[in-house]
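Working notes, beginning with the structure itself.
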Amino acid sequence: MKQGLTLDMAIVNANVITIDPKKKTAQAVGVKGDRIVAVGNNEEIRALADKKTRIVDAEGRTVLPGFHDSHMHPLLVGHFANGVVLNDVKNIPEFLQKVKEKVAKTPKGAVVLGSGWNQERMEEKRYPTRWEVDSVAPDNPVFLIHWNAHIYLINSMMMKQKGIDKDTPSPDGGEIEKNEKGEPTGILLENALNLVAPGFLETGAGLFSYEQSKAALEFAAKRAVSYGLTSMVDILAGDAQVKAYQELEREGKLPVRVNFYLGFQYLNQAVDIGLMSGFGSNKLRFAGVKMITDGSLSSHTGALKEPYADAPGNRGIMRVSKKEIKEVVLKATRNGIRVDVHAIGDRAISDVLDVFEEVQNEVKPKDPRYKISHAFIISKDMVERFKKLNVVANVQPVFIAKAQNWIPRLLGPEREKNAHVYKWLMDAGVHMACGTDSPIEPENPIMNLYTSTMRKDQNGVPPAGWHPEQKIPMEQALKMVTIEGAYATGQEDEKGSITVGKLADFVMVSDDPFRIPGDEVKDMKVLMTIVGGNVVYQKGG
């Protein structure tokens, strides 16, 4: 301990789990400014305090490094909170009733936004249609986003406003679904979104003003710290977010650290002005560029090597070509910009790994720190390629809770064994960061701890876990939401563990995840969140 040092904050009487292999546990932590300056027992830390030191008495509670969410869409978190929430609807009549209730509170002619619907969870097991939505929303344009954010449902008014009719062709990498008469049903897949709201996922463009988007980000940041997040990755940002985040930070309204990835459409601009990964501060930082290559499994648009088991002839959709992927990765790598690539199906993942290998051989970058987001379907030979190329798997264990209900039907009994293979990745030594893809799922890292270690839904189904051979131990799960999240953005020396010299980011939780039964992990509560030595959230406070 440093002699003559006086702490600004001392956390005492705690069960400190550091995620630091050199000192795994402690009773207390000392903070000076925004940094950890001491980790030890109560007596050692109290000796460094004076009357000005803020004493946080944990009363035996567990203190962990602040949680990371490595894959979020904060803009949509905020916007969706003001829309109609359709996550739990059980059938189409209930779906329509919720839309009707929202319409009744919305001015005539104003856009009605909704999110979270999923045909796989509805009794009819089919997409709703625009005509059904028209029956409850004849005078408002309606835009309803699927749970996976790869399918979109619009009504007839929205179609008319956007000039979509039976003669409108499907765009490359997308589809306008049409019925047997050639009439659009209102369902848009993948890149067909751009016919309605180009850039919506990045900026809210086409549906929301800048002021609305800034307010949405402020809401998302406040909610994030209530879940114990001290760092979040905005995985698909645009100019609106970059400006809004800066304004929020200056106004003292950004309680959480943000790494942002720009959509790859911004790559040329980033290169032209010399922007490189790591630019910014430890509060707001440019991480790289993001590219989406395929779709999702539940919409049959994730790109597979073999056809879907329940849709012969359909191998999904590649939204971009392998040549286009390489052009982006090559230019980014040559210019010091890291890349996160969305790839869900094994065909897409294989193509991306090929590109990463080709670019590494051509450019020989020192530490490209490539990431593949989602990485749902991976065979054992692909796991070895992740390790060989040092590619980070940016995964979402929380998806297991719902996806276990449809993956067997989509893939069949053999291929489903290759879904969410975290144990294989762990055993191979692959770096795994994880997130929630919020608002696809709430940005609750505790649910990632639960689903990665238990592989069950919130009701404990199935009792033994879905493909229990892929369960990982709690120690690995905690690393995925702390130090591995920091590693994924190249900041493992700055945060992610409770280590002297690192940023003073902590979360206090109700229970020790190592000491409670696995089924109870999901019920853990966040009691306090500290970012840079400042309490930014306190339960009941």
Karplus-derived 3J(HN,Hα) from phi for the stretch 391-396 (6.51 cos²θ - 1.76 cosθ + 1.60, θ = phi - 60°), whole Hz, x at Gly and Pro, runs 8, 7, 8, 9, 10, 10
Can you compute 3J(HN,Hα) from phi for each residue in the stretch 266-275, using the Karplus curve 6.51 cos²θ - 1.76 cosθ + 1.60 with θ = phi - 60°, rounded to whole Hz and x for Gly and Pro? 8, 4, 4, 5, 4, 5, 4, 9, x, 6
Note to self: C-alpha centroids of the stretch 306-379 and the stretch 442-511 sit apart, in Å, by 25 Å
Less than 18 Å apart at the alpha-carbon level, and either on another chain or at least 8 residues along: which aspartates and glutamates does that give for residue 105? 94, 134, 139
Long-range amide H partners of residue 54 with built H, under 5 Å: 9, 10
Just list whichever of 98/471; 222/323; 253/495; 364/471 have alpha carbons separated by over 30 Å in the model shown. 98/471; 222/323; 364/471
Going by C-beta contacts inside 10 Å, put 68, 73 in order with the fewest on the left. 73, 68
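Do you know the relative contact order of the stretch 78-199, to the nearest whole percent, from alpha carbon pairs under 8 angstrom that are 6+ apart? Write out the running numbers ahead of the final one.
Details: 225 pairs, mean separation 25.0, N = 122.
RCO, the stretch 78-199: 21 percent.
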The residues 437, 381, 519, 512, sorted from fewest to most surrounding Cβ atoms within 10 Å, come out as 381, 519, 512, 437
Sorted by chain and then number, the residues having a modelled amide H within less than 5 Å of the amide H of residue 342, at least 5 places away or on another chain, are 291, 292, 293, 373
Give the long-range amide H neighbours of residue 185: residues separated by 5 or more places, or on another chain, with amide H under 5 Å away, using H modelled in the peptide plane at 1.01 Å from N. 177, 178, 179
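Calculated from DSSP H runs of 4 or more alone, at -39500 (n - 2.57) each and per residue, what is the 222 nm mean residue ellipticity of the chain, nearest 500? Spell out each step's value before the answer.
Numbers: 18 runs with 160 residues, N = 541.
Calculated at 222 nm, the ellipticity per residue is -8500 deg cm²/dmol.
Please arrange 507, 89 by how many other C-beta atoms lie within 10 Å of their C-beta, fewest to most. Show your work: numbers first, answer last.
Details: 507 26, 89 22.
Taking fewest neighbouring Cβ atoms as first place, the list is 89, 507.
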Using alpha carbons only: equivalent-ellipsoid semi-axes of the chain, gyration tensor based, whole Å: 39, 26, 24
By its C-alpha gyration tensor, with a ≥ b ≥ c as the square roots of the eigenvalues, how is the stretch 78-199 shaped: rounded for a/c under 1.5, else prolate for a/b larger than b/c, else oblate? rounded
Testing the spin-label approximation: label points 7 Å from Cα along Cα→Cβ at residue 428 and residue 35. State their distance in nm. 3.8 nm
Once phi for every residue in the stretch 57-72 is put through the Karplus expression 6.51 cos²θ - 1.76 cosθ + 1.60 (θ = phi - 60°), the whole-Hz ³J(HN,Hα) values, with Gly and Pro written as x, are 8, 6, 6, x, 5, 8, 10, 10, x, x, 6, 10, 10, 8, 7, 9
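Readers should treat all values here as calculations from the given coordinates under stated rules, not as data from a laboratory. These figures come from a predicted structure and were not determined experimentally. Neighbour counts are summed over all protein chains in view; Cβ atoms, including those assigned to glycine, are modelled from backbone coordinates with ideal geometry.
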